[in-house]
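Have a look at the structure below before the remarks.
The values are calculated or read from the model by the stated rules, or taken from the named source; none is laboratory data. Predicted model, so just to flag it, every value in this text is computed and none were measured. The protein model used for the area step is the full one, side chains on, heavy atoms only, and it has no ligands, DNA or RNA in it. Shrake-Rupley method; radii C 1.70, N 1.55, O 1.52, S 1.80 Å.
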Amino acid sequence: MNTPRNRPSNTDRNTGPGSVRIVGGRWRGTRLDVPAVVGLRPTSDRVRETLFNWLQPALPGARVLDLFAGTGALGLEAVSRGAAHALLVERDAGLVAALIATAARLPGGDAVTVRRGDALQIAAGLPAGSVDLAFVDPPFAADLWRPALEALAPAMAADAWLYVESSSAQPAFPGGAWRLHRELQTREAHCALYRRDG
């Protein structure tokens, strides 16, 4: 996910370098560095394992968007498990360089495209109906869920899937045509998967 412009809350503050790993598929076990970037809060391995168990039937051939990519854990996991392509969007130059390097060293990494820029502008410029699965997990302090979902709406396919991760204290809900499929809550995050009613 992108680094926020405003001051982060405690749940948005990464405590220091570390790593997460791709938990399934052809790239299983690949470590992704987590640098000390303010606002960087990768989805945990446990949550991703649960999420991708829910998503497994939808992944083969899917066109994926990881809108606030950060470490790229969500988008890379999707391609590892069978998605046809993932677009990873990130604003931080250091994170973008790391994403490009990671994709370059993975076999089949050409299925991953990395774009640096503003997530809302990039989402708004995507072709209509071009996204089958989107991950929306912005920095909690930036409060970008509503504008991100509005910008993204035209790009989503009629039967698309949407994953939204938000603060457990203030969950974000997409509303509209999105129907809740599954959800879970951790101490810090509300994690919800939705399906679009075409």
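Some notes on this structure:
- Rounded to whole Hz, the Karplus (6.51, -1.76, 1.60) HN-Hα couplings of the range 114-125, x for glycine and proline: 10, 10, 8, x, 6, 4, 5, 5, 5, 4, 5, x
- Full-extension gain in nm, R115 to A177, via 0.36 nm per residue minus C-alpha separation: 19.5 nm
- Within the accessible surface of the range 124-180, defined with a 1.4 Å probe on protein heavy atoms only, the carbon and sulfur portion equals 55 percent.
- Classification of the chain by its C-alpha gyration tensor yields a rounded form. The axis ratio a/c (a ≥ b ≥ c) stays under 1.5.
- Ligands, DNA and RNA are left out, and with a 1.4 angstrom probe the accessible area of the range 42-94 is 29 Å² per residue.
- Ranking R41, R48, R146 from most to least accessible surface, computed with a 1.4 Å probe over the protein chains only, gives R146, R41, R48.
- Anisotropy class of the range 37-130 from Cα gyration tensor, a/c 1.5 cut: rounded
- Across the range 68-75, coupling constants 3J(HN,Hα) worked out from phi with the 6.51/-1.76/1.60 Karplus curve, θ = phi - 60°, read 10, 5, x, 6, x, 4, 6, x Hz, and Gly and Pro carry x.
- The amide H of R21, built 1.01 Å from its N in the peptide plane, has L32 as neighbours under 5 Å, considering only residues 5 or more places off or on other chains.
- Listed residues V136, V114, V64, most fluctuating in the chain (Gaussian network, C-alpha, under 10 Å): V114
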